[in-house]
Each structure stands twice: as structure tokens, then as C-alpha cells.
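A short write-up of the structure that comes next.
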Amino acid sequence: MFKRGIQENIEHWLFKSKVIIIYGARQVGKTTLSKEILQKHVNLDEEAKAAGLSITDKKAKYKYLNCDLIPVRKALEIQDDEALKNYIGANTKLVVIDEAQRVENIGLILKILVDTCPGIQVIATGSSSFELSNKIKEPLTGRVIQFMLYPLSLTDLSEAYDPYKLDIKLDNLLRFGSYPAIVDTSEETARTFLESIASNYLYKDILEYEQVKNSKALFNLLELLALQVGNEVSYQELANNLDINVLTVKRYIDLLEKCFVIFTLHALSRNKRKEITKSVKIYFYDVGVRNALIQGFNRLDMRTDTGALWENFCIVERLKHNQLNKRLVNKYFWRTYDRKEIDYIEEHDGQLTGYEFKWGKETREYRPPGAFVDNYENATVKRIDRQNYQEFLI
């Protein structure tokens, strides 16, 4: 089991009168992480007990509730403070409510729970942010801390592998992604897992909660987006190819973002005359899932999309890196109408820093587009390749 870097960030907020929400796609390790936090506190109590301190029964203090189970859901859906208090237990100190989005009116239930049991720490996990977040915002305004759990980050992997071994694993990470279940498995196992994710789990929440009827169009949209990684996306062109309207395309993309399948980057433009302004690029939270959608598991030296794959990989790993280091940044790409471009830009504390992602070796020194550095004062651009990616992403 890999130690997750985000665990320390989550534990910082324990027992500070906040409900902690852990979002993330299915199979990224939300259950494992929440149980690890729970077990850690059980162990701490055991150590205190061994040291002679008075500790009440650990089973009464720590609970894990799986909302995939109908009896658990029914017990939690009772909107009665005394009934909830009796079900959770008067002595409970820490409770994990897993797959909380399955509980009807979960926001109200959590509010009743924390109001009735002051001092209790609730950790709720959910795989569909549109269902869970929409129902917790109003009842728990100001009382929620939210975290997103990605597939394993390079920082997580660096706890288990030295830099040399990470370099060796890099090809496989670009081909199969970084879901916890497949990082140390065979290629055959990785492909089977990813094909299952791509054909089943990606759509489960959307089909269940949003009642999307045209699942074929949704799947075809994902295939088109997988083929366009690294390129600007035209909603109208997607709509034409899928024979659906633009509003439907935008709705599907919004739902896929809320299900942690894809994310968008918008173009940076500060009213410079030659810059594009309204374009977007779309990337996948896991490149293995992206490859599964197009059955593209070939070795990197046999592919024509390695550059785009590297770009997607570096950007999503940077998202993970920024989260772990609590860096709040604005994210963009940049391009002019005459096709000068920068893959990825971060704005942090008023400073713009651009990054160009290059898989192949350069025979000459990288020079950023003059139109960018001339127009944006103090902006810098860096090249990220296989020689320096660990410094950038870990």
C-alpha cells in the first residue's frame, strides 16, 4: 500500500469542527485512505491505553459506515437527531461515511449529526462531486473542508521508489496511468483493470444520478476527447461529429469533469490583439484511462501521440503537486493566431510561469515565444523533459 501525501493535509483538519469531504473517481483509493486515517487513531488510542491512560472501548469510538449497503443508507436517512445519535453511538469520536453521495439528503443528515454530537469528527467520501457537493453546500455552509483524491502522484510513488526506479517506471506510467491497483501489476492485469474502468465505472455516477439516456454519445464523446488531448477543442465540431447539439456536448463535458474523468484548461488572454481568447483544451485525470478509451497501450517508441501523452501526464501531475503543497494557482494555456504557443501556464502571486513539455531530446537551447515574454512583464517559460520532470513534479 502506498502512503498518500494528501493524508497529512487531511489530518491537519481533524477535530477542528469541520466535516471533511474526500472526493475522487472510483478506484482511486478513497476507502483505503479513510480507513488508514481511522486505523491510525485506533492505534493511537491503543498506545495510550498501553501507557496506562484511561481509554474507552475503541469499537465505540471509531466507526466505518459503507453506504453501498442498503441497511446503512436507511439508518442514516432517518432525519431524527436522537435516532442518528443512537445509530452512530454516543461515544463515537471519529466516523467515516463511505460513498456518502448514496444517502438521500446527505447534507442535512451531516448537519444533524454534527449538531447532535458535538466533538465528533466526520469524514465523508464521494465519487460523484455533483451529487455530493450540491447537497452539502447549503446545510453545511462554512463547516466543510473538501479534498480531492487523485490516482497516485509521483510524490506518492517517490516514497516507494528512488529517482532511478521512477525513471524506469515512467514509460509504464504514461501507458497505464497511476491507479493504485495497477502500478505494480503486469501489463495484462493493468489493461484488464483499465478497460473495466473505461467501460463501466466512468459512467456509473452520471447514468445513475443525472439520468443521461444517450450513453453511446457520451462514450463517443470521450473517445473524441481522448484523440484530441493536447489540442484545442471545438464544442461545435464535437457536436457535429456526434450528431447532437452544442448544449448537450457542454453538459456532458461538465458532468465528466464533475465525475473526475476530465478537466479543462482555458486560454490565457489579457486583451492582447493576437491572442486567442475563448478556446479550451481538455485533459484526462489519468492517462491510462485515456489510453483505454482508444485502446492505445503501445510502447512509447511505437506511438504518434507520445508528445500529447507527455503533456497530459505532466499537467495532471502538476495539479497533484500543487494540491499536496497547498499552492493555489490559476491555470491556463497560451496561443496566438499565428500558432505560437505555450502548453501550460501558472499564475501565482501575480507571477506568470509558462511550461513547455517535450518528450524528445532537444539539440538546441529552448527559447520561449518572444510574443509572450515581451507582452507579459516578468513572465518566464521553462522546458520540462525527461531530464528535469522530477524536480518539477515532486
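Just so you know, all these numbers are worked out from the coordinates, no wet-lab data involved. Values in this document were obtained by computation on a predicted structure and should not be read as measured data. Glycine also receives a Cβ, built like all others from the backbone with ideal geometry; neighbour counts cover every protein chain displayed.
Over the stretch 251-394, the Kirkwood radius and the radius of gyration, each from Cα atoms, give a ratio Rg/Rh of 0.96. Of Thr306, Thr185, Thr155, the residue with the greatest mean-square motion in the GNM of the chain, using alpha carbon springs below 10 Å, is Thr185. Normalising the average separation of contacting C-alpha pairs (under 8 angstrom, six or more residues apart) by the number of residues puts the relative contact order of the chain at 15 percent. Among Arg339, Arg318, Arg290, Arg303, sorting on how many other beta-carbon atoms sit within 10 Å of each Cβ, with the fewest leading, yields Arg339, Arg303, Arg318, Arg290. Can you tell me which of Ala190, Ala83, Ala267 moves the most in a GNM of the chain? Springs connect C-alpha atoms under 10 Å apart. Between Ala190, Ala83, Ala267, it is Ala83 that shows the largest mean-square fluctuation.
So what is Rg over Rh here for the stretch 21-174, counting just Cα atoms and using Kirkwood for Rh? Display every interim value, and only then the final one.
Details: Rg = 18.1 Å, Rh = 17.2 Å.
Ratio of gyration radius to Kirkwood radius: 1.05.
A helix-only calculation puts the chain at -12500 deg cm²/dmol for mean residue ellipticity at 222 nm, using -39500 (n - 2.57) for each DSSP H run of at least four residues, averaged over all residues. Cα centroid distance between the stretch 232-286 and the stretch 115-185, in Å? Answer, in whole Å: 24.
In a simple Cβ point-charge model (Lys, Arg +1; Asp, Glu -1; nothing else charged), the chain has a dipole of about 420 debye relative to its Cα centre.
Electrostatic bookkeeping for Arg290 treats Lys and Arg as +1 and Asp and Glu as -1; over the other residues with beta carbon under 11 Å from its beta carbon, the sum is -2. The residues packed around Ser17, meaning those with a beta-carbon under 14 Å from its beta-carbon, carry a net charge of +4 if Lys and Arg are +1 and Asp and Glu are -1. For the pair the stretch 313-363 and the stretch 7-21, the centres of their Cα atoms are 29 angstrom apart. Taking Lys and Arg as +1 and Asp and Glu as -1, the other residues whose beta-carbon sits under 15 Å from that of Leu227 total -2.
Listed by chain and number, the aspartates and glutamates placed with their C-alpha closer than 19 angstrom to that of Lys111 are Glu77, Asp80, Asp81, Glu82, Asp98, Glu99, Glu131, Glu138; residues fewer than eight positions away on the same chain are left out.
Looking at the stretch 325-371 from every direction and averaging, what is the projected area of its Cα convex hull in nm²?
Details: hull surface 19.0 nm².
Its average projected convex-hull area is 4.7 nm².
Here the stretch 78-117 is treated as a sphere whose radius is the Kirkwood value from Cα pairs; by Stokes-Einstein at 20 °C and 1.002 mPa s it diffuses with a coefficient of 204 µm²/s. Among Lys93, Lys74, Lys204, the largest mean-square fluctuation in a Gaussian network model of the chain, built with springs joining Cα atoms closer than 10 Å, belongs to Lys74.
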